Structure formats: structure tokens, C-alpha cells
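The values are calculated or read from the model by the stated rules, or taken from the named source; none is laboratory data. In this text, all values refer to a predicted model and were calculated from it rather than measured experimentally. Neighbour counts run over all protein chains shown; Cβ positions are idealised from the backbone, glycine included.
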Amino acid sequence: MDQTDAFQKLSHDDILNAIDAAGYRCSGHIYPLNSYENRVYQVGLEDANNVIAKFYRPGRWSDDAIIEEHNFTTHLSTEDIPVISPLLFTDKTSLKHTDRFRYALYESVGGRTPELDNPGHLKMLGRTLARIHNFGETQQFVHRRTLNITEFADDSCTFLLENNFIPQDLLPAYESLIGDVISRIKQCFSDTGQVNFIRIHGDFHLGNILWRDDTPFVVDFDDTMMGPVVQDIWMLLSGDYEYMTARLNDVLEGYNEFRDFNPVELNLIEALRSLRIIHYAGWIAKRWEDPAFPFAFPWFNTQRYWQDHILNLREQIAAMEEPALIWHRS
């Protein structure tokens with residue numbers, strides 16, 4: 001059995017045997033968590049608190065890239081920034097290998113979802129992001145990727161087209177539209193000019209934030225990358241223009257207590273949102289042969305999905321033509 005096949009058929013015995021071999025005594029209790037790129041489980045231990053076991057998808061990241069992510073979060077933790085970093089094994093490493101798997105263990109931390117209608121929560125998220133970004137700019141990643149239009153947009157739509165994901169009757173509409181969307185994204189970046197790319201979380205949505213004891217604990221740095229800081233801000237913003245403006249100002253009020261935000265990056269918000277829409281469709285399509293994906297995303301690759309996808313892209317062209325959100329700096 002090769003590594004990809006073994007990963008897709010990962011069993012409870014595989015998980016328990018791997019963790020037992022690392023020196024932990026498992027109780028046999030396993031609970032799968034919502035993660036599909038990797039396989040993530042809460043695992044019970046006999047003589048300690050539960051741990052989170054993360055088994056990495058073969059071929060996605062190199063060992064160097066994973067360790068670079070681990071080192072980043074570990075250093076953030078040493079700065080008392082509330083992130084969940086990997087546990088160290090007895091040999092002081094954070095990434096373990098078996099003959100078929102790579103995995104890491106994390107402390108199991110409970111929490112609830114932040115309230116995006118709560119100004120206090122948004123200000124705290126802004127403060128936390130600013131502290132992450134302050135540390136993020138002290139060095140650069142060597143093995144992690146940099147946010148770029150080619151990988152996130154061009155490669156994704158090429159894969160969809162070459163592998164016949166777009167229904168034949170929707171193909172003309174998609175092909176005529178996707179070029180315009182990508183062209184507008186490129187124009188947004190060009191019009192914005194030079195912005196600073198630093199180490200960021202990269203996937204800062206509500207599912208990766210655990211609110212506990214009035215503190216947002218940030219988890220899952222699997223997509224950490226070099227990118228503009230606004231990439232970690234825009235996912236907190238949705239709704240109409242006025243609503244997003246209010247939420248943005250709450251976030252940046254907290255952010256600017258620890259770090260100056262460059263308002264020119266606000267011009268990138270809708271371009272970055274468009275990149276994510278395109279990349280998300282390509283990501284699922286590239287994983288469609290993994291049995292976990294059709295099960296987890298039954299709505300994907302249906303006629304309705306692609307109709308909605310095309311509609312979303314049309315809406316994004318209009319959104320990228322609108323004025324940027326305004327930050328009422330105090």
C-alpha cells in the first residue's frame with residue numbers, strides 16, 4: 001500500500017499504533033474532527049489529557065515546510081501569543097514519521113466561535129493578529145509558499161477546465177468569465193502597488209479561532225505563508241458595505257494598538273476574496289478522488305454548484321469595481 005492509499009484508508013488502529021509508538025498510552029477513544037486536507041482526530045490518553053493528532057496528506061508539504069510551520073507557532077507561543085503549537089516528542093522533534101505516515105500532536109483546547117457582531121471580540125482579534133504579524137515580519141519563510149495569483153487562480157481554473165469539471169452547457173459562460181475575473185484581480189494588485197509580504201496565518205476564518213476565557217486561541221497554521229496582512233483580516237468581513245466597514249473598523253481599532261496597518265491594503269480585499277473562491281473550487285476538485293471529499297462535499301460538482309459559482313464570480317467582478325472599504329482611523 002503506497003502512502004496516498006494508506007492515508008485515504010487511515011484506520012483507528014493506524015492512529016493508535018502510531019501514537020503508542022511515540023510513547024503515549026492511548027485509551028482507545030478517537031473522535032474525528034472537521035479536517036479533510038489532513039486527517040485530524042481527538043485521541044484519548046490513559047494517564048493524561050486528550051491530544052489532537054494531525055496526520056499529514058502525502059505530497060502536499062515537504063518535511064521542511066511542516067517543520068517551518070511548527071517552529072513559527074512554537075516561537076509565537078514563547079511570545080505569549082495565544083496560538084496552539086505542536087507538542088514535542090521525547091526526541092525534541094515535533095514531526096513524527098512511521099513507514100507510511102507523518103503526524104504531529106497538539107494539546108486539545110476547547111472553545112467557542114468568536115462573535116463577529118461583538119466589537120469587543122473583533123478588537124481582541126485585531127490585537128492578536130497584530131502581535132502575530134509583528135513577529136511574522138521578523139523573518140521570512142524559506143520553505144512555505146507565497147500568496148500568488150498563478151497558483152491560487154490560474155492553476156486552479158486550468159485544472160477545472162482540463163479535467164472537465166465544468167458542465168458542458170455552462171462552459172462558455174465560465175470560460176468567458178474566468179479570464180475577466182483573473183484580469184481584474186491582477187489589476188487590483190497592480191493598482192495597489194507594492195505591499196509588504198510577511199509571515200501570516202493565511203487561513204484566518206472562524207473555524208480556526210477558539211474563544212476561551214476572553215481570549216482567541218488561533219489554531220491550524222497549515223496554510224501559513226508569505227502574504228499581505230490584510231489576508232488575515234478580510235475573512236472576518238462579510239455582508240454589505242456598511243456592515244463590513246463597521247466590522248473592519250472594530251478589527252483595526254484593536255490591530256493598531258500593537259501595529260500600524262497600511263490602509264492601501266484595503267484595495268486588495270475583494271481581489272483576495274475572489275482568489276479564495278477560485279482556489280477553493282480547484283482545491284476540492286484536485287482532491288475529488290479522495291473518498292473523504294465526495295462524502296464531505298456532496299453539493300460540489302453539481303449543476304447547481306457551478307451555476308452558483310459562476311454567479312459568485314460575476315458578483316466579484318462588480319465588487320472589485322466598487323470603492324475600497326473605508327477605515328475611520330481614530
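Here Ala296 passes the criteria (1) surrounded by fewer than 16 Cβ atoms within 10 Å (Cβ to Cβ); (2) touching a residue at least 60 places away in the same chain (Cβ under 8 Å); (3) under 19 Å from Phe152 (Cα atoms) except the one numbered (3). Residues in the stretch 100-117 that are among the small types (Gly, Ala, Ser) and in contact with a helix residue (DSSP H, G or I) (Cβ under 9 Å, 6 or more places away or on another chain): Ala104 alone.
Applying the condition of being part of a loop (DSSP other than H, G, I, E, B) and polar (S, T, N, Q) to the stretch 131-153 and asking which residue is nearest to the chain's Cα centre (by Cα) yields Asn148.
Restricting Asn163, Asn196 to residues that are exposed (fewer than 13 other Cβ atoms within 10 Å of the Cβ), closer than 23 Å to Glu289 by Cβ and either touching a helix residue (DSSP H, G or I) at 6+ places or on another chain (Cβ under 9 Å) or assigned by TED's automatic domain parsing to the domain that holds Leu76 (or both) narrows the list to Asn163. Taking strands (runs of 3 or more DSSP E) as the structural unit, those lying wholly within the stretch 178-248 and holding at least 1 residues that are over 24 Å from Asp260 (Cβ atoms) correspond to 209-212, 215-218.
Contact annotation: residue pairs with Cβ atoms under 9 Å, 6 or more positions apart or on different chains, pairing a residue in the stretch 234-258 that is on the phi > 0 side of the Ramachandran plot and without any contact (Cβ under 8 Å) to a residue 12 or more places away in the chain with a partner that is among the charged types (D, E, K, R) and surrounded by 19 or more Cβ atoms within 10 Å (Cβ to Cβ), are Gly239/Arg247. Quick check: anything in the stretch 154-173 assigned to a helix (DSSP H, G or I), at pLDDT 95 or above, touching a Leu at 6+ places or on another chain (Cβ under 8 Å) and aromatic (Phe, Trp, Tyr)? No - not one qualifying residue is present in the stretch 154-173.
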